[in-house]
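Shown next, in structure tokens, is the structure this report addresses.
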Amino acid sequence: MSSADEPRAADPRARAAQTKRDRTRRALLDAADATFGSRGWARTRIEDIAAAAGVSAATAYNHFPSKHSLIGHVYAPLVRPLFVQAERDVAAGRPSVAALEDQVRALARTAARHRELSASFFSAVQDYTIRVEGPADPTDEIDPRLLAPVPDSIRLLVEHGQSTGELRAFPPAADISAMIVNTLLTRTMNRPDESADARAELLLTVLFGALRPELLLNGPADDRPFRRRS
């Protein structure tokens, strides 16, 4: 066999190896989704996830070096569509109030629909924040705050609204978006009987009370402009 033929001969083996890696990674993500959702953050070990996926713990660590990394990769697909929608809203010049209202409601529904996983993710974020004792480092490849940046879609829309003058310039977009998401995840974890609509109403009232207070002040004292009416 000539040297020119060797890469072609190796291609099927390389493709087979890559397919196997992809399947193993998918199996680990699926197992992690189910295990974090049923057992929670503290009671789940990488070894448990590996066993559920049918692989060794060493194989699991080769794909995901820590629990924090793994849950970040599991949660990321839930928030990615929200950021894509935020980008579309900004590109289309959609009014910030309407875009943010839809965004907060969608995030509240997502967190409620995946309540147990959301609680595990929030626990992982808190645990990692305490561990590193500071904000996220952009070069940190296992930080769940970077792997699944939940506040980013709200931050993007707030930044846009502040740049166009639709929203007040203070609080900064990064701060208010993090506050809204932290409150959302805390209430999702601690108030399982609260509906997503009720949670979204509270968050929207806080958000626009800071950034567009006239929406609340121009109506009657008992008005609830973000209440969903059936």
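The values are calculated or read from the model by the stated rules, or taken from the named source; none is laboratory data. The structure presented is a predicted model; accordingly, all values stated were derived computationally and were not measured. Neighbour counts are summed over all protein chains in view; Cβ atoms, including those assigned to glycine, are modelled from backbone coordinates with ideal geometry.
Being touching an Asp or Glu at 6+ places or on another chain (Cβ under 7 Å) and not in a loop (DSSP other than H, G, I, E, B) is not true of LEU185.
Could you list, in sequence order, all residues of the stretch 193-230 that are assigned to a loop (DSSP other than H, G, I, E, B), modelled with pLDDT of 90 or more and not charged (D, E, K, R)? Matches in the stretch 193-230: SER195, PRO213. Right, GLU133: at pLDDT below 95 and not aromatic (Phe, Trp, Tyr) or not? Yes.
Residues checked against (1) touching a residue at least 24 places away in the same chain (Cβ under 8 Å); (2) buried (at least 20 other Cβ atoms within 10 Å of the Cβ):
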site	(1), (2)
ALA16	no, no
ARG26	no, no
ASP30	no, no
TRP41	yes, yes
ILE49	no, yes
VAL55	yes, no
VAL74	yes, yes
ALA98	no, no
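The residue of the stretch 162-177 that is nearest to the chain's Cα centre (by Cα), among those that are outside any helix (DSSP H, G or I) and either under 16 Å from GLU101 (Cβ atoms) or not assigned by TED's automatic domain parsing to the domain that holds ARG145 (or both), is LEU167. Scanning the stretch 111-158 for residues that are β-branched (Val, Ile, Thr) and either in a helix (DSSP H, G or I) or in contact (Cβ under 8 Å) with a residue 40 or more places away in the chain (or both) returns VAL125, THR129, ILE130, VAL132, ILE142, VAL150, ILE154, VAL158. Taken over the stretch 76-135, residues that are over 18 Å from the mean Cα position of the chain (by Cα), among the aliphatic types (A, V, I, L, M) and farther than 22 Å from GLY161 by Cβ amount to 2.
For the stretch 199-210, check the following and say yes or no: at least one residue is free of Cβ contacts under 8 Å to residues at least 12 places away in the same chain, closer than 23 Å to VAL84 by Cβ and surrounded by fewer than 17 Cβ atoms within 10 Å (Cβ to Cβ). Looking for residues that are free of Cβ contacts under 8 Å to residues at least 12 places away in the same chain, closer than 23 Å to VAL84 by Cβ and surrounded by fewer than 17 Cβ atoms within 10 Å (Cβ to Cβ), one finds none in the stretch 199-210, hence no. Among residues of the stretch 178-190 that are in the same structural domain as LEU100 (by TED's automatic domain parsing), those with a Cβ under 8 angstrom from a residue that is buried (at least 18 other Cβ atoms within 10 Å of the Cβ) and not in a helix (DSSP H, G or I), sequence gap 6+ or separate chain, pair up as ALA178/PRO151; ILE180/PRO151; VAL181/VAL150; VAL181/PRO151; LEU185/VAL150.
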